[in-house]
1. Could you give the dipole magnitude of the chain about its Cα centre, charging the beta-carbon of Lys and Arg +1 and that of Asp and Glu -1, in debye to the nearest 20?
2. So what's the net charge close to Ser217: Lys and Arg +1, Asp and Glu -1, counting the other residues with Cβ under 12 Å from its Cβ?
3. What does the charge count near Tyr128 come to, summing +1 for each Lys or Arg and -1 for each Asp or Glu among other residues with Cβ under 13 Å from its Cβ?
4. Let's test the formula: R0 of 30 Å, r as the Cβ-Cβ distance of Lys99 and Lys233. What FRET efficiency results, to the nearest 0.05?
5. For segment 2-268, what is the percent of antiparallel DSSP beta bridges, rounded to the nearest 5?
6. What is the list of residues in segment 251-277 whose amide nitrogen lies under 18 Å from a point 7 angstrom out from the Cα of Asp340, following Cα to Cβ?
7. Using a simple spin-label model with points 7 Å from Cα along the Cα→Cβ vector, what separation in nm is obtained for Thr161 and Ala59?
8. What do you get for trypsin sites (Lys or Arg not before Pro) in segment 56-158 restricted to DSSP loop and a cutoff of at most 16 other Cβ within 10 Å of the site's Cβ?
Amino acid sequence: MNYALIMAGGSGTRFWPASRKALPKQFLKLWSKETLIEETCSRIRKLVPKNRLEVFTQASKAGWVAKHLKIASSQVVGEPMGRNTAPCAIWAALRLLKKDPDAVIAILPSDHFIGKPKQFEKALKAAYAVAQKTGQPVTLGIQPDSPHTGYGYLELQSKKTTQDSFSVYQLKQFHEKPDAKKAASFLKSGKFLWNAGIFVWRADELVKCAEKYLPKSVEILRKIVNEKISGKKLTELFSRVESISIDYGLMEHLKGKILSIPVSVDWNDVGNWSTLAKLLKQDRDGNVFQGNVVAVRSRSNFVRTQGKPVALVGVKDMVIVDAGDVFLVCPKSETESIRDLVHELDKRNMKGCL
């Protein structure tokens with residue numbers, strides 16, 4: 001059967017001050033009435049019912065996530081510390097194999113924007129079918145529309161088959177985030193896709209791969225699952241698991257054995273406030289206002305306020321976020337550096353701001 005692993009352990013520091021330790025990015029409502037993690041679950045509900053979701057998040061958020069998504073607490077795993085994406089994928093696969101030896105898992109980030117959910121659903125359905133039949137991991141690669149330097153890339157090789165009108169390619173290799181020149185050549189070649197971090201894989205094959213390339217981690221995680229370990233012992237054991245991504249820990253070892261389906265689903269990983277502003281409806285001056293905002297001779301700004309009026313005069317290309325107790329003012333060109341600000345707040349022990 002189809003299952004989904006929703007990875008919701010990130011901190012979303014570039015969305016500070018709305019994204020905080022108590023309420024990270026994936027639990028915010030940024031463009032609709034649903035939180036980002038709710039939207040992620042809604043997109044796949046026809047393929048994966050709620051009782052077949054596995055959500056991995058921070059230990060302190062586990063209870064809240066179960067209530068928020070209205071799922072059983074047994075479906076939410078609270079990680080005692082971050083260990084990247086490979087450990088939670090292995091952990092989820094081991095859990096699912098105990099109840100379903102035929103489980104096929106879609107591994108999904110919890111905080112991405114997908115503007116064409118119906119097309120995404122069709123592509124994911126095709127990926128489930130291919131993964132089930134072949135036993136190979138299947139990635140959904142995004143058709144690039146610009147030479148983006150902020151994403152990793154997937155290099156395609158030969159077409160292998162067609163599934164539900166979707167072309168399925170052999171994946172040649174993964175590429176790290178390129179410089180501008182290389183990104184332009186990737187786009188021009190037509191053989192590269194953006195890596196959205198979305199995988200579909202049979203649980204048994206995932207574990208088999210992990211046993212070969214991350215054997216110590218599998219041993220620890222199997223002990224955690226089989227013995228239902230929790231509390232301090234879980235923290236001690238999980239701290240010994242290697243912190244590594246699915247790409248590096250597993251996929252890098254499977255060259256020539258990974259499949260990819262190119263998709264055009266209006267995807268964006270929504271990495272910062274400036275990216276979010278581009279996705280939302282703008283006024284005639286290019287501004288995006290969330291809340292009570294009055295502007296005069298101001299253009300291309302993003303303002304989010306929680307009730308207090310914000311007035312702008314002659315302001316342009318700025319991000320302004322009022323989180324109630326903290327106020328951010330930042331040029332759009334510097335929104336990637338907000339994570340540096342968060343590190344500085346932490347260094348100064350300003351816990352109330354975090």
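1. Here the size comes out at about 480 debye.
2. Its environment carries a net charge of +3.
3. +3
4. Rounded to the nearest 0.05, the efficiency is 0.80.
5. Percentage antiparallel, nearest 5: 55.
6. Flagged as within label range: 272-275.
7. 4.3 nm
8. Lys70, Lys98, Lys99
Taken together, the values in this text are just the output of simple stated rules run on the coordinates, not laboratory data. The structure presented is a predicted model; accordingly, all values stated were derived computationally and were not measured. Here Cβ is always computed from backbone atoms with ideal geometry, including for glycine, and neighbour counts include all displayed protein chains.
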